[in-house]
1. At a Förster radius of 25 Å, what calculated FRET efficiency corresponds to the Cβ-Cβ distance of R230 and A203, to the nearest 0.05?
2. Please turn the phi angles of the stretch 41-58 into ³J(HN,Hα) values with the Karplus equation 6.51 cos²θ - 1.76 cosθ + 1.60 (θ = phi - 60°), one per residue in order, whole Hz, x for glycine and proline.
3. Taking 0.36 nm per residue of sequence separation and subtracting the Cα-Cα distance, how much length would be gained by fully extending the chain between D72 and E12, in nm to one decimal?
4. The stretch 161-223 to the stretch 83-135: how many Å between their Cα centroids?
5. Just to verify a number: what accessible area does D158 come out at with the full protein assembly present, 1.4 Å probe, Å² rounded to tens?
6. So which aspartates and glutamates pass the test for K205, namely a Cα distance under 16 Å, with those fewer than 8 places away in the same chain ruled out?
7. Note the direction-averaged projected area, equal to a quarter of the hull surface, for the Cα convex hull of the chain, in nm².
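The values are calculated or read from the model by the stated rules, or taken from the named source; none is laboratory data. Computed from a predicted structure; not experimentally measured. FYI the Cβ positions are ideal-geometry reconstructions off the backbone, even for glycines, and counts take in every protein chain you see. Just so you know, the surface numbers come from the protein's heavy atoms only, side chains and all, with ligands and any DNA or RNA stripped out. Shrake-Rupley method; radii C 1.70, N 1.55, O 1.52, S 1.80 Å.
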Amino acid sequence: MNSKQIFLNFGEDLEIARQLVAANHVLVQRGVLDAFGHVSARSAADPDRFLISRNRAPALVELSDIQEMSLDCEPADERPRYLEAYIHAEIYRARPDVRAVVHSHSASVVPFSVVDMPLKPMLHIAGFLYPAAPVFEIRHLAGDHSDMLISDAAVGADLARTLGDSAVVLMRGHGSTAVGRNVPEAVFRAIYTEVAAKAQAEAVKLGAVVFLTAEEARSTTATNATQISRAWKYWCAEARTALANK
Ligand code: MN
């Protein structure tokens with residue numbers, strides 16, 4: 001399949017595919033993804049399919065790398081997929097409201113997946129974490145000898161169950177996954193989960209922390225939802241400039 005055919009085959013998903021390419025670069029630029037991690041979006045044409053890059057480092061992803069996949073993680077072409085595509089598939093299966101997913105290993109979040117202190121919103125920009133990010137324990141299903149990856153549908157479904165109605169789920173000793181109603185919202189949540197984790201880790205060193213109330217979390221989340229496009233446009237411009245200067 002050449003890139004022109006792939007381009008034409010996106011159909012009404014072309015805009016989403018373009019957003020996904022931008023999201024890959026934004027998340028690298030913002031320190032959420034490195035060689036690993038991935039971002040996906042549900043197809044607008046078929047809610048039982050999603051778009052995601054083929055198995056490639058996010059900084060290198062181009063439009064021709066975007067691959068369409070079923071909820072059984074069967075790609076529409078023969079190029080190798082990410083090992084953990086089940087994270088995305090099983091969340092789309094469990095959460096009809098979710099239209100974009102970011103899975104990352106971002107450095108400041110991981111410590112909260114292994115200690116008994118929950119990651120909770122204390123920053124106005126991270127109200128979506130209320131009341132606290134749930135933590136997925138892979139040992140419940142995979143035992144204590146797994147490679148820690150979400151590499152089959154059963155473990156993926158267990159992760160989606162732990163996510164429940166939340167915006168973000170932490171994965172013990174591994175990373176986290178953020179969801180959204182569109183690509184910019186999932187990217188916003190992934191970026192500010194990393195920012196919030198860094199801030200909480202700093203704050204607890206200084207003293208007792210005041211967290212947002214339920215009402216503050218709700219109000220800030222509602223207000224911030226109207227401002228995501230401002231951040232998204234800036235982050236895309238920043239990532240374009242970084243790419244152009246390479
Ligand atoms: Mn991973």
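1. On the way: r = 26 Å, r/R0 = 1.04.
With a Förster radius of 25 Å, E is 0.45.
2. Once rounded to whole Hz, the list reads 9, 5, 5, 6, 7, 9, x, 8, 10, 9, 10, 7, 5, 5, 5, 8, 4, x.
3. 19.4 nm
4. 7 Å
5. 30 Å²
6. Those aspartates and glutamates meeting the cut-off are D116.
7. For the chain, averaging the hull's shadow over all directions gives 13.5 nm².
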